[in-house]
């Protein structure tokens, strides 16, 4: 490994998963960026999947797509939102990628006849990918999140790679352990022992943490920090309190109170170049909603996991709604609306009138489709703001074809392959991929240009003629229906200029009825909300005022 000036920070988890390592990495990155450094972040997923595209979103969370078209873990989205920068495929690594690369190199005789072994060749491939990501992203400080929890077999090769990097470059590699400190109900006391064991497990891998981020329901007090200090061979000042918060965007501010960024820079012997968190603090203040609270519904099917509701399946949509609402000084309340319920109970559609706006996000397959179509019809006919994303746009086209154009058999071939009225059909290049079962990483992915139609609400929102947006789909609106759609008021508001693919549909004479083939939520940032979400939220605020006037008149 050649000498490097880049500094590396590995973030690992202790005790249990789901503690928010991705948000911790994002928050630390934001603070270091605010100190004047070029910061990038990388996620390691210890799965044998080559990418996240084949993972069930209910189990693994949202699939986030990079600008260059890699399907990744949702934490890449967190990094982009906090750091306000586009990341590439180099910022995501899975065990499947690593093993595949090692085997391909062996088959190409690139190991020059050596016996290829799990150690050192697999960790060396991991190191190569980490350093490549830092170089491509021109990072002065590269943050690396290792998925899972210390002690799991799956992430041992990554801990070994991190240990090797620390050995080769002392002073240029740091380790942060994000660990959980439970408060058992019957005891009423925060317990440090699980974190002590997590540190010892990390020590067994040859790694001593530089910092501990202590997650828990309450802030860490001084006695707890002292106990961890003694048992984990660390200074109390290097044990950082990370209590539960309602708003993840306050986490960098919490770290700021304990001077975490300064402590990291001190250990790297790096100067403090600047201090800039003003715009971030202002955004957090706006989230309080000086103008009130908007109620937004999200209609989906990736919510349920046993008796629990998992919002991670739509995390970018949720955050994009928040960003837009906060930019207009509104707080936002989001309700989950189960698509299949509207199939079983059509009378429940009346509850949609209590919402200021409704989003139908992306998805796949036939489950819940008729429920979503029923919702879209209700929103269209009752003039409630609607925003359809990818599959949501496609189903809006199906609904319009059925109930306005009277094409009763209209459908998407994803659900009904033999339909004679295929308003939505496969992209031509996708046919042989599906036929040959080449499914992983084979959709239309990443950034593509879109030319906006003048005079539309979409044009008013973007305020520019050509934009770039991220995609993840196999099916498209069929151009044979464009003329009929536009004659009846459903306008093509955006087109991919090279292939003439319909990218945006917009209903004339409706407060906000817009569908996009792309995923605008992937480009929304807390300090730069996506213009289409801002347009949707602006319409939702007007809807709230209209509804309030109607209710007053009824009284």
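We did not get these values from a lab; they are worked out from the coordinates using the rules stated. What you see is a predicted model, and the numbers here were worked out from it, not measured in a lab. Here the Cβ is made from the backbone with ideal geometry for all residues, glycine too, and neighbour counts use every protein chain on show.
Peptides 154-161, 104-111, 12-19, 231-238: what's the order by average Cβ count within 10 Å, highest mean first? Each step should come with its number before you reach the end.
Details: 154-161: 21.6, 104-111: 11.1, 12-19: 19.8, 231-238: 15.5.
Highest mean packing first, the order is 154-161, 12-19, 231-238, 104-111.
Once you have the Cα-Cα distance between residue 465 and residue 276, take 0.36 nm times their residue separation minus that, and quote the gain in nm to one decimal.
Values: separation 189, 0.36 × 189 = 68.04 nm, distance 3.31 nm.
Between residue 465 and residue 276, full extension yields 64.7 nm more.
What ranking do 267-273, 52-58 get when scored by the average of other Cβ atoms within 10 Å per residue, highest first?
Numbers: 267-273: 13.3, 52-58: 17.4.
So the peptides 267-273, 52-58, ranked by packing, come out 52-58, 267-273.
Over all distinct Cα pairs, what is the inverse of the mean 1/r for the stretch 127-172, reported as the Kirkwood hydrodynamic radius in Å? Don't skip to the end; give the middle numbers.
Details: mean 1/r = 0.0859 Å⁻¹.
Radius from the Kirkwood sum: 11.6 Å.
By count of other Cβ within 10 Å, fewest leading, how are 438, 530 ordered? Walk me through the numbers before you get to the answer.
Working: 438 11, 530 24.
Going from sparsest to densest Cβ surroundings: 438, 530.
Between helix 391-403 and the chain, what is the angle of the helix's C-alpha long axis to the longest principal axis, kept within 0 to 90° and rounded to the nearest 10?
The angle comes out near 10 degrees.
For the chain, what does -39500 (n - 2.57) per DSSP helix run (n ≥ 4), summed and divided by total residues, give at 222 nm, in deg cm²/dmol to the nearest 500? List each step's numbers first, then the result.
Numbers: 19 runs with 207 residues, N = 555.
-11500 deg cm²/dmol, from helical runs alone.
What number do you get for the stretch 375-484 when its Cα radius of gyration is normalised by 2.2 N^0.38 Å, N = residues?
Working: Rg = 15.5 Å, N = 110, 2.2 N^0.38 = 13.1 Å.
Compared with the compact-globule rule of thumb, the stretch 375-484 sits at 1.18.
Output the 0 to 90 degree angle, nearest 10, between the alpha-carbon long axis of helix 369-381 and the longest principal axis computed from the alpha carbons of the chain.
60 degrees
Which whole number in µm²/s is D for the stretch 288-551 by Stokes-Einstein, with the Kirkwood Rh taken over Cα pairs at 25 °C and 0.890 mPa s? Intermediate results must be reported in sequence, preceding the final value.
Details: Rh = 18.6 Å.
Diffusion coefficient, whole number: 132 µm²/s.
Quick one: if the Förster radius is 51 Å, what FRET efficiency do residue 226 and residue 59 give, using the C-beta to C-beta distance and rounding to 0.05? Write down the numbers at each step before the final one.
Details: r = 39 Å, r/R0 = 0.77.
Efficiency computed from Cβ-Cβ geometry: 0.85.
Rounded to whole Å and ordered largest first, report the semi-axes of the equivalent ellipsoid of the stretch 341-438 derived from its Cα gyration tensor (root of 5λ). Please list the in-between numbers first.
Numbers: eigenvalues 139, 40, 29 Å².
Each semi-axis is √(5λ); the values are 26, 14, 12 Å.
When you count, for each residue, the other Cβ atoms within 10 Å and take the mean per peptide, how do 365-376, 462-473 rank with the highest first?
Numbers: 365-376: 20.2, 462-473: 16.8.
In decreasing order of mean packing, 365-376, 462-473 become 365-376, 462-473.
Got the relative contact order for the chain handy, in percent, Cα pairs under 8 Å and 6 or more residues apart?
Working: 1082 pairs, mean separation 79.4, N = 555.
14 percent.
Determine by what factor the alpha-carbon radius of gyration of the stretch 411-555 differs from 2.2 N^0.38 Å, reporting the quotient.
On the way: Rg = 17.8 Å, N = 145, 2.2 N^0.38 = 14.6 Å.
Output field value: 1.22.
Return one quarter of the surface area of the convex hull spanned by the alpha-carbon atoms of the stretch 27-139, equal to its mean projected area, in nm².
Details: hull surface 31.8 nm².
One quarter of the hull surface, i.e. the mean projection, equals 8.0 nm².
Could you line up 539, 91 from fewest to most neighbouring Cβ atoms inside 10 Å? All intermediate terms of the calculation are to be shown ahead of the outcome.
Numbers: 539 22, 91 27.
Arranged by neighbour count, lowest to highest, 539, 91 become 539, 91.
Would you mind getting the Kirkwood hydrodynamic radius of the chain from its Cα pairs, rounded to one decimal in Å? Please report the intermediate quantities before stating the final value.
Details: mean 1/r = 0.0397 Å⁻¹.
Computed over Cα pairs of the chain, the Kirkwood hydrodynamic radius comes out at 25.2 Å.
Over the residues of the stretch 151-298, compute the C-alpha Rg and express it relative to 2.2 N^0.38 Å.
Working: Rg = 18.2 Å, N = 148, 2.2 N^0.38 = 14.7 Å.
Working it through for the stretch 151-298, the quotient is 1.24.
Quick one: order 221, 73, 210 by neighbouring beta-carbon count within 10 Å, fewest to most.
Working: 221 10, 73 26, 210 19.
Final ranking by Cβ density, sparse to dense: 221, 210, 73.
With axes computed from alpha carbons, what is the tilt in degrees of helix 222-232 against the longest principal axis of the chain, rounded to the nearest 10 within 0 to 90?
60 degrees
Over 5 Å intervals from 0, what percent of Cα-Cα pairs in the stretch 7-282 sits in each interval?
Binned Cα distances yield the sequence 1, 6, 13, 17, 19, 18, 13, 8, 4, 2, 1, 0, 0.
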